[in-house]
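A short reminder: the numbers here are calculations on the coordinates, not readings from a lab. Keep in mind that what you see is a predicted model, and the values were worked out from it rather than measured. Using ideal geometry, Cβ is built from the backbone for each residue, glycine included, and neighbour counts are taken over all protein chains shown.
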Amino acid sequence: MTPSELLDQVRLHGAIPRHVAIIMDGNGRWARERMLPRPLGHRSGMKSVREVVEGALQAGVEFLSLFAFSQENWQRPSVEINALMSLLEEYIQREADELEAQGVRVRVLGDIDRLQGAARAAVDRVVAQTAGNRKLTLNLFISYGSRAELARAARLIAEDVAAGRLRPDEVDEAAFAQRLYTADCPDPDLLIRTSGEQRISNFLLWQLAYTELFISPVLWPDFGRSNLFEAIRDYQNRERRFGRVAV
């Protein structure tokens, strides 16, 4: 089916997931299969980011979370890290005005204090430029690790208890969730992982408790809006019970 035909199917069948999260995997493999340097795989993946953002807007998704760069990725060779930071800056420079015009609010979540120079300036600029938009919230997870996020939330709770702002008996799931980076977002309804890998790679461990998983064999640079719509259609065929028994 064409993308427009798939989109019609999405609109006709069931609820649209409010929040779609994607682990964008396969850039390196895509480049290796073509005997290209890894950074060229990351560059090719930039067009897929545009595809899924535009597809999410068309389908009516409200929140789109993209796992772009993990804390563990800082251990990669410096040449690759520098290339990734340059691509981040380039993506923002190229897309910021269009994202603003389309009503997309961009948020960058993670330990962004590790970003420096032009990359940090670009991040701050696009977040400020799009802050008033509400049609789609685009969460870019950069320098992110879920275990670190959970430790940060626990530390914030401990600080609030020690300062008397929170009683120990007030520490519950809601108090914990309010101290995560995603405090003002619903949990993902659908997680897509590309490249066929079947793991969640330290991504949104708390938030994915009841999320539906979709594993796509497509490498990220080849992933387009048709693939997004196919994942949403698969999601629409599922029964979400959240631990309850269907009646």
Inset, instruction - Using only the Cα atoms of the range 63-154, build the gyration tensor, take square roots of its eigenvalues as a ≥ b ≥ c, and label the shape rounded, prolate or oblate: rounded if a/c is under 1.5, else prolate if a/b is larger than b/c, else oblate. - result: oblate
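Can you order the peptides 97-103, 42-48, 82-88 by their average number of other Cβ atoms within 10 Å per residue, highest first? Could the numbers behind the result be given before it?
Numbers: 97-103: 14.6, 42-48: 20.1, 82-88: 18.1.
Averaged packing, sorted descending, gives the order 42-48, 82-88, 97-103.
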Legend entry - Sequence of Val106, Val218, Val20, Val171 once ranked by neighbouring C-beta atoms within 10 Å, starting from the fewest: Val171, Val218, Val106, Val20
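FRET efficiency for Asp184 and Ala162, Cβ-Cβ distance as r, R0 = 25 Å, nearest 0.05?
Approximately 0.50, to the nearest 0.05.
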Inset, instruction - Could you tell me which of rounded, prolate or oblate describes the chain, using a ≥ b ≥ c as the square roots of the eigenvalues of the alpha-carbon gyration tensor, with rounded for a/c under 1.5 and, failing that, prolate when a/b is larger than b/c and oblate otherwise? - result: oblate
Legend entry - Projected label distance in nm at Leu36 and Arg50, using a 7 Å step from Cα toward the beta-carbon: 1.5 nm
Inset, instruction - Mind giving me the FRET efficiency for Glu90 and Arg134? R0 is 22 Å, r the Cβ-Cβ distance, nearest 0.05 is fine. - result: 0.25
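Please identify the trypsin sites (Lys or Arg not before Pro) of the range 67-140 that satisfy two criteria: DSSP loop assignment and at most 13 other Cβ atoms within 10 Å. Which are they? Write out the running numbers ahead of the final one.
Working: sites: Arg94, Arg105, Arg107, Arg114, Arg120, Arg125, Arg134, Lys135; in loops: Arg134, Lys135.
Loop-located and lightly packed - Arg134, Lys135.
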Inset, instruction - Just subtract the alpha-carbon distance of Met1 and Arg152 from 0.36 nm times their residue separation and send over the number in nm, one decimal. - result: 49.9 nm
Inset, instruction - Work out, step by step, the length gained on full extension between Asn82 and Arg240: first 0.36 nm times the residue separation, then minus their alpha carbon distance; give nm to one decimal. - result: 52.7 nm
Inset, instruction - With the Cα gyration tensor of the range 124-209 in hand, give its eigenvalues times 5 under a square root as the equivalent ellipsoid semi-axes, listed largest first in whole angstrom. - result: 26, 19, 12
Inset, instruction - Would you work out which of Gln102, Val126, Gln116 lies farthest towards the positive end of the dipole of the range 84-129, given +1 charges on the beta-carbon of Lys and Arg and -1 on that of Asp and Glu, about the Cα centre? - result: Gln116
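If you take the C-alpha gyration tensor of the range 6-108, multiply each eigenvalue by 5 and take the square root, what semi-axes do you get, largest first, in whole Å? It would help to have the intermediate numbers written out before the result.
Values: eigenvalues 154, 52, 33 Å².
Output for the range 6-108: semi-axes of 28, 16, 13 Å.
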Inset, instruction - Please work out the FRET efficiency for the pair Asp113 and Ser201, using the Cβ-Cβ distance as r and a Förster radius of 25 Å; give the result to the nearest 0.05. - result: 0.70
Inset, instruction - Select from Ser65, Ser201, Ser216 the residue whose mean-square fluctuation is largest in a Gaussian network model of the chain (Cα-Cα springs shorter than 10 Å). - result: Ser201
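What translational D, rounded to a whole number of µm²/s, comes out for the range 106-166 from Stokes-Einstein when the hydrodynamic radius is the Kirkwood one over Cα pairs, at 37 °C and 0.692 mPa s? Numbers along the way, then the final one.
Details: Rh = 13.5 Å.
Diffusion coefficient, whole number: 244 µm²/s.
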Legend entry - Within the chain, helix-based [θ] at 222 nm, where runs of 4 or more DSSP H residues each add -39,500 (n - 2.57), nearest 500: -14500 deg cm²/dmol
